[in-house]
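Colleague: This is the structure I have questions about; it appears just below.
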Amino acid sequence: MQVRELRHRVEIGDLLIRYARAVDDGDWDALEGVFTRDAVLDLTEPGGIKGGLAEVKSWLAEALARWPGRQHLLGVPLIEFPIDPGDTAIASVSFTDTLSPSRGVIQADAPGLSRGGGLYHHDLVLLPEGWRSRAMRIEQQWRTFT
């Protein structure tokens, strides 16, 4: 692996983390540093919407308001470069999440607690300001509610 490809892999890994942290923190404006302006986000599999960044940011703010305690844990991403390495990449990363009705201590079987897992799939492009996702799809593999 060349140094350039290693640098790209680290930068893409950081991008994936920035997405999860923005959702966990409810920092919806931070998503603009993750996605291109014309990005399409598909959250339909776990029960969300498919749309542009502005529409999805608004939907996330409303849909996740009932879970102020949020934490996403990411696995090691699989990153592929269709051109060796060029200005596009495809990344898939496993995740688990916990959505809690409180940021404080609650019982493990508290009503409203949700846990899930799956994969985030990103279609990435390298722009002058860095890597950005131009499409994201969530593949939900499991979900529990109490």
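The values are calculated or read from the model by the stated rules, or taken from the named source; none is laboratory data. Nothing here was measured: the structure is a model prediction, and the numbers come from that model. Glycine also receives a Cβ, built like all others from the backbone with ideal geometry; neighbour counts cover every protein chain displayed. Heads up: the accessible areas ignore ligands, DNA and RNA and are worked out on the full protein's heavy atoms, side chains in. Shrake-Rupley method; radii C 1.70, N 1.55, O 1.52, S 1.80 Å.
Colleague: Out of curiosity, is ARG4 at pLDDT 95 or above, outside any strand (DSSP E or B) and among the basic types (Lys, Arg)?
Modeller: No; evaluated as a whole, the condition is false for this residue.
Colleague: Here's a follow-up. Just to be sure I understand, how many residues within region 89-145 are touching a residue at least 24 places away in the same chain (Cβ under 8 Å), open to solvent by 80 Å² or more (accessible area, probe 1.4 Å) and more than 17 Å from GLY13 (Cα to Cα)?
Modeller: Counting residues in region 89-145 that are touching a residue at least 24 places away in the same chain (Cβ under 8 Å), open to solvent by 80 Å² or more (accessible area, probe 1.4 Å) and more than 17 Å from GLY13 (Cα to Cα) gives 7.
Colleague: Additional query: For region 75-87, check the following and say yes or no: at least one residue is touching a helix residue (DSSP H, G or I) at 6+ places or on another chain (Cβ under 6 Å), open to solvent by less than 60 Å² (accessible area, probe 1.4 Å), in contact (Cβ under 8 Å) with a residue 24 or more places away in the chain and among the aliphatic types (A, V, I, L, M).
Modeller: yes
Colleague: I would also like to ask the following. Being part of a loop (DSSP other than H, G, I, E, B) and of a type outside the set (D, E, K, R) is the filter here, so list the residues in region 87-109 that pass it.
Modeller: Result: PRO101, SER102, GLY104, VAL105, ILE106, GLN107, ALA108.
Colleague: Starting from residues that are more than 12 Å from the chain's Cα centre (by Cα) and under 21 Å from ALA65 (Cβ atoms), keep the ones in region 1-27 and report whichever is surrounded by the most Cβ atoms within 10 Å (Cβ to Cβ).
Modeller: The extreme case among them is GLY26.
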